[in-house]
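The values are calculated or read from the model by the stated rules, or taken from the named source; none is laboratory data. Note that the structure is predicted; figures quoted are calculated from it, not measured. Glycine also receives a Cβ, built like all others from the backbone with ideal geometry; neighbour counts cover every protein chain displayed.
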């Protein structure tokens with residue numbers, strides 16, 4: 001497929017997905033843009049939407065983890081740094097911090113299940129098909145994610 005067609009067909013859906021996960025339009029745009037740049041550089045324009053969703057999910061999860069690490073560094077070494085993040089004043093940002101802690105405790109497959117089921121609202125059967133596993137495995141991941149969320153809240 002032509003790179004422009006690949007982008008035109010898939011970028012809007014990926015952008016919505018990333019923005020839901022990250023809660024930030026600018027970060028979502030960065031993730032989607034870099035994903036397509038990397039695909040084009042590698043000559044991988046023959047990919048399907050499930051592949052793009054998985055790749056975007058991984059990048060968003062990494063971005064969430066990176067945010068958490070930056071906050072921890074700021075908390076630990078804030079006075080020595082030249083910049084600070086703006087204060088977190090709304091509940092959504094506080095819940096994003098909880099999401100970051102949750103994602104840190106999940107393995108790669110658990111992170112995929114979390115993003116696809118809890119963020120994107122995809123049912124467990126479809127999640128299983130998208131990531132190439134059984135529905136039973138997805139059910140186990142969902143139960144573990146719920147247990148971890150209760151522990152962290």
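Matching residues to (1) within 18 Å of the chain's Cα centre (by Cα); (2) crowded, with 17+ Cβ neighbours inside 10 Å; (3) modelled with pLDDT of 70 or more:
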{"position": "33", "(1), (2), (3)": "yes, no, yes"}
{"position": "47", "(1), (2), (3)": "no, no, yes"}
{"position": "56", "(1), (2), (3)": "yes, yes, yes"}
{"position": "66", "(1), (2), (3)": "yes, no, yes"}
{"position": "80", "(1), (2), (3)": "no, no, no"}
Does residue 122 satisfy being touching a residue at least 60 places away in the same chain (Cβ under 8 Å) and within 20 Å of residue 49 (Cα to Cα)? no
Test: residue 144 is at pLDDT 85 or above and either touching a strand residue (DSSP E or B) at 6+ places or on another chain (Cβ under 9 Å) or surrounded by fewer than 17 Cβ atoms within 10 Å (Cβ to Cβ) (or both): yes
